[in-house]
Amino acid sequence: YAMEVTPEPPKPPLRRRIAVAAAGAVLLLLIARVPYVVDATEYVVRTRFGRPVAVVTEPGLHARVPLVDAVSRLDARLLYFDAPSAEFLTNDKKNIVVAPFVLWRIEEPLKFLQTLVTRESAEARLADLVASETGAALGAVPFTRLVSAVAGEADLSGVVAGIGARVRARATADYGVKVVDVRLKRIAFPEQNLLSVFGRMRSELERIARRFRSEGEEAALKIR
């Protein structure tokens, strides 16, 4: 018996098979770069060829054009910042050292990215704002407005509230940053002034003690 044999179809060349496999791998990589995830603690600004096309504030899965769109991630949490301590002069020429702190967050991600870019540069600008407004506020009030033993004379909270309001307005307008709160952790005299301050306090207490002793001796003489 004669058997008819069907010839096998010719296989594509090896180079063509490699090219098809490489194209498939590239296509899979491009598809894998389309989705991206936005976390609940961040904002995303999507740019195309350096120009912003979208600001994403909702967490979840989002899509982009691969190899064209770039994603910049910004922290959306409430941030704490210790501003550097600085020395200021009050209205009655008292030198004091103030240590403030700031609570802030990014409110306008696009403006923040265009003006500040990073958290470090934002905190440097905030430190400058706080120092400027603190110096202006403390230079307009006497020391007794900040610390006083007389009831009702000191209004430190009012002075600090004014500093916070002015810093808040400038930070929002210029940088897209919301300053939630500005507080002073510490108010102290400079190191070189402490000895003279303690000397005046000691002299005042000794004067009060002499007055009490004099009054006591006078009362004792009357009794005798």
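The values are calculated or read from the model by the stated rules, or taken from the named source; none is laboratory data. Note that this is a predicted model, so its numbers are computed, not measured. Note that we place each Cβ from the backbone using ideal geometry, even for glycine, and neighbour counts take in every protein chain shown. We work out accessible area using only protein heavy atoms, side chains counted, and drop any ligands, DNA or RNA first. Shrake-Rupley method; radii C 1.70, N 1.55, O 1.52, S 1.80 Å.
May I ask you to verify whether residue 79 is modelled with pLDDT of 90 or more and either closer than 23 Å to residue 157 by Cβ or touching a Phe, Trp or Tyr at 6+ places or on another chain (Cβ under 7 Å) (or both)? For residue 79, the condition - modelled with pLDDT of 90 or more and either closer than 23 Å to residue 157 by Cβ or touching a Phe, Trp or Tyr at 6+ places or on another chain (Cβ under 7 Å) (or both) - is met.
When region 93-149 is limited to residues that are over 10 Å from the mean Cα position of the chain (by Cα) and of a type in the set (Asp, Glu), the one that is least open to solvent (accessible area, probe 1.4 Å) turns out to be 133.
Considered as a group, the residues in region 15-65 that are closer than 29 Å to residue 117 by Cβ and basic (Lys, Arg) include one that is modelled with the lowest pLDDT, and that residue is 33. Residues in region 80-92 that are under 14 Å from residue 129 (Cβ atoms) and open to solvent by 30 Å² or more (accessible area, probe 1.4 Å): 84, 86.
Taking each residue of region 59-72 that is over 21 Å from residue 109 (Cα atoms) and looking for partners that are basic (Lys, Arg) and open to solvent by 60 Å² or more (accessible area, probe 1.4 Å) with beta-carbon atoms closer than 6 Å, six or more apart or interchain, yields 66/33. Total residues in region 198-222 satisfying the condition of being among the aliphatic types (A, V, I, L, M) and either open to solvent by 100 Å² or more (accessible area, probe 1.4 Å) or touching a Cys at 6+ places or on another chain (Cβ under 8 Å) (or both): the figure is 3. Among the residues of region 43-75, just one is of a type in the set (Lys, Arg) and under 22 Å from the mean Cα position of the chain (by Cα), namely 73.
For region 120-137, a residue qualifies if it is among the charged types (D, E, K, R) and within 17 Å of residue 181 (Cα to Cα), and the qualifying residues are 123, 125, 128, 133.
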